[in-house]
Amino acid sequence: MASAADVVIVGGGVFGVAGALELARRGAKVTLLEPGPLPHPDAASTDITKLIRLDYANDDHYTAAMEAALPLWRRWNAEVFEVPLFHETGVLVLSSTPLGPGSFEGDSFSALSARGHPLERLDAAAIPRRFPRWAAGRYVEGYYNPQGGFAESGRVVAALAAEARRAGVDLREGVRARPFEGDAAVSEVVLESGERVAAGTVVVAAGAFTPVLIPELADRLAVVGQPVFHFDPGDLAPFASPAFVPWAADIGRSGWYGFASHAGVVKVANHGVGTPLHPSGPRQVGDDAEPMFRAFLRESLPSLADARRVATRLCLYCDSFDGDFFIDRHPSRPGLVVAAGGSGHAFKFAPLLGGWLADAALDVASRDNARFRFRERGHAAREAARHAPVPAQS
Ligand SMILES: Cc1cc2nc3c(=O)[nH]c(=O)nc-3n(C[C@H](O)[C@H](O)[C@H](O)COP(=O)(O)OP(=O)(O)OC[C@H]3O[C@@H](n4cnc5c(N)ncnc54)[C@H](O)[C@@H]3O)c2cc1C
């Protein structure tokens with residue numbers, strides 16, 4: 001019988017594959033278990049694009065993390081990806097009120113300016129002049145951040161998985177782990193087939209399924225569905241970068257964000273409350289979504305308002321109660337590590353996720369991510385750009 005892996009990772013989304021690659025590079029013997037093909041079509045990480053932004057209002061923790069991640073994205077383009085999968089188009093941040101303190105847009109502008117990042121401030125007249133798709137007068141101020149843009153997320157996961165396989169990771173597709181019931185130490189993964197996979201350490205990186213696999217986390221990790229629309233305006237050229245770049249429009253107050261044309265479509269999404277659901281449930285976008293999207297487009301991007309709807313997707317957030325990730329060892333279950341809680345904003349940290357996960361799996365003492373530690377439910381909060389009321393204190 002094959003000797004036990006040092007680390008078995010449950011879940012092949014961006015947390016899992018980035019972690020597997022980093023652990024293998026650190027010399028660990030790693031097995032990754034994934035029910036679907038890699039990348040799994042229903043995984044949160046699997047999409048045509050994800051926003052890569054530096055903009056985190058005055059949250060120094062995530063801003064500093066993105067300052068570290070951006071150069072690594074650029075290096076991945078050069079060293080890991082066969083073709084660039086991170087596109088540094090810059091990001092447009094729009095506000096329907098002046099850029100003042102207390103708003104996501106205002107705080108991001110002042111925090112990034114104070115950190116020395118060059119931003120192009122735009123007033124109401126400059127916005128449609130510089131980015132002609134935007135309705136004149138709808139937004140009173142904003143800024144263009146030349147750093148950041150978007151990543152082809154599904155292809156990034158595929159590329160990292162291939163790199164992990166080359167680094168010696170045993171990637172097992174088509175296998176599903178059973179839940180880790182109870183409170184005992186963990187030294188194996190039991191698959192739905194009944195097979196037992198021995199492990200020195202088990203990392204549960206199962207995204208929205210994490211509170212199912214570790215039921216005690218259900219009071220700290222909630223699952224919500226978020227609608228994503230792909231539109232085809234017929235002529236894509238006006239929606240191509242640099243005239244049209246990834247954007248956030250009043251995102252802290254409305255949730256709206258979207259992308260330049262890519263893969264033949266223009267993607268629009270909403271970083272809002274989301275619809276609570278069970279991860280195994282049907283993934284149907286609600287009937288109320290399309291009118292909501294088109295109403296937003298009519299007032300903000302009129303030339304997209306009647307575009308043909310090509311596809312929709314209900315993608316799942318694994319929402320932590322405070323918007324921060326969980327990447328840590330279980331305090332009372334030796335051998336168990338949790339890496340989840342992306343809360344709708346983790347993909348952009350992909351170049352750092354592997355290191356954070358590997359540090360936890362290898363119990364590296366110096367890991368300094370207090371925000372990601374295993375924690376009881378406490379003060380509820382939301383990530384800076386999230387348009388959602390803070391969950392009620394239970
Ligand atoms: C609509 C939407 C838009 C987003 N936009 C952005 C964005 O623009 N920028 C950004 O930074 N972030 C964004 N995010 C957040 C980001 O995508 C997630 O935080 C991140 O992808 C989560 O990765 P993950 O590996 O935790 O989960 P997932 O990618 O969901 O991966 C979990 C994996 O675990 C597997 N799994 C499940 N159950 C089991 C089991 N029993 N056994 C084994 N494996 C199992 C699944 O098949 C899946 O492959 C968005 C998320 C959504 C939903």
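The values are calculated or read from the model by the stated rules, or taken from the named source; none is laboratory data. Because the structure is predicted, anything quoted here is derived from the model rather than measured. Cβ sites come from the backbone with ideal geometry, for glycine too, and all protein chains shown count toward neighbours. The accessibility values were calculated without ligands, DNA or RNA, using every heavy atom of the protein model including side chains. Shrake-Rupley method; radii C 1.70, N 1.55, O 1.52, S 1.80 Å.
The table below gives the values:
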| quantity | calculated |
| --- | --- |
| Top-ranked residue of the stretch 279-294 - restricted to ones that are touching a strand residue (DSSP E or B) at 6+ places or on another chain (Cβ under 9 Å) and assigned to a loop (DSSP other than H, G, I, E, B), ranked as least open to solvent (accessible area, probe 1.4 Å) | PRO279 |
| Among (1) outside any helix (DSSP H, G or I); (2) surrounded by fewer than 20 Cβ atoms within 10 Å (Cβ to Cβ) - the single one ILE327 does not satisfy | (2) |
| Selection status of ALA311, aliphatic (A, V, I, L, M) and open to solvent by less than 10 Å² (accessible area, probe 1.4 Å) | no |
| Condition broken by ALA69, with the remaining ones in (1) open to solvent by less than 40 Å² (accessible area, probe 1.4 Å); (2) assigned by TED's automatic domain parsing to the domain that holds PRO282; (3) more than 14 Å from the chain's Cα centre (by Cα) satisfied | (3) |
| Strands (runs of 3 or more DSSP E) (entirely within the stretch 203-271) containing at least 2 residues that are under 21 Å from PRO146 (Cβ atoms) and away from the ligand (no atom under 11 Å from the Cβ) | 247-249 |
| Hits in the stretch 30-56 (condition: more than 17 Å from the chain's Cα centre (by Cα) and more than 11 Å from the ligand (Cβ to nearest atom)) | VAL30, THR31 |
| Selection status of ALA20, assigned by TED's automatic domain parsing to the domain that holds LEU122 and either open to solvent by 20 Å² or more (accessible area, probe 1.4 Å) or within 15 Å of the ligand (Cβ to nearest atom) (or both) | no |
| The stretch 1-17, subset among the aliphatic types (A, V, I, L, M) and in contact (Cβ under 8 Å) with a residue 24 or more places away in the chain, residue farthest from the ligand (Cβ to nearest atom) | ALA4 |
| Subset of the stretch 163-176 (residues that are more than 22 Å from VAL190 (Cα to Cα) and touching a strand residue (DSSP E or B) at 6+ places or on another chain (Cβ under 7 Å)) | ALA164, ARG165 |
| Residue match in the stretch 212-220 (condition: in contact with a Leu (Cβ under 6 Å, 6 or more places away or on another chain), buried (at least 17 other Cβ atoms within 10 Å of the Cβ) and modelled with pLDDT of 95 or more) | no |
| Any chance VAL390 is outside the structural domain of ASN77 (by TED's automatic domain parsing), free of Cβ contacts under 8 Å to residues at least 24 places away in the same chain and either of a type in the set (Lys, Arg) or away from the ligand (no atom under 11 Å from the Cβ) (or both) | yes |
| Condition met for PRO276 (within 19 Å of the chain's Cα centre (by Cα) and surrounded by fewer than 15 Cβ atoms within 10 Å (Cβ to Cβ)) | yes |
| Selection within the stretch 143-166 - in contact with a Gly (Cβ under 9 Å, 6 or more places away or on another chain), open to solvent by less than 40 Å² (accessible area, probe 1.4 Å) and away from the ligand (no atom under 15 Å from the Cβ) | TYR144 |
| ALA136, sole failed condition from (1) aliphatic (A, V, I, L, M); (2) within 14 Å of ALA248 (Cα to Cα); (3) open to solvent by 30 Å² or more (accessible area, probe 1.4 Å) | (2) |
| Residue match in the stretch 340-347 (condition: open to solvent by 10 Å² or more (accessible area, probe 1.4 Å), more than 15 Å from the ligand (Cβ to nearest atom) and touching a residue at least 12 places away in the same chain (Cβ under 8 Å)) | no |
| Which numbered condition VAL169 misses (of (1) within 12 Å of the ligand (Cβ to nearest atom); (2) buried (at least 23 other Cβ atoms within 10 Å of the Cβ)) | (1) |
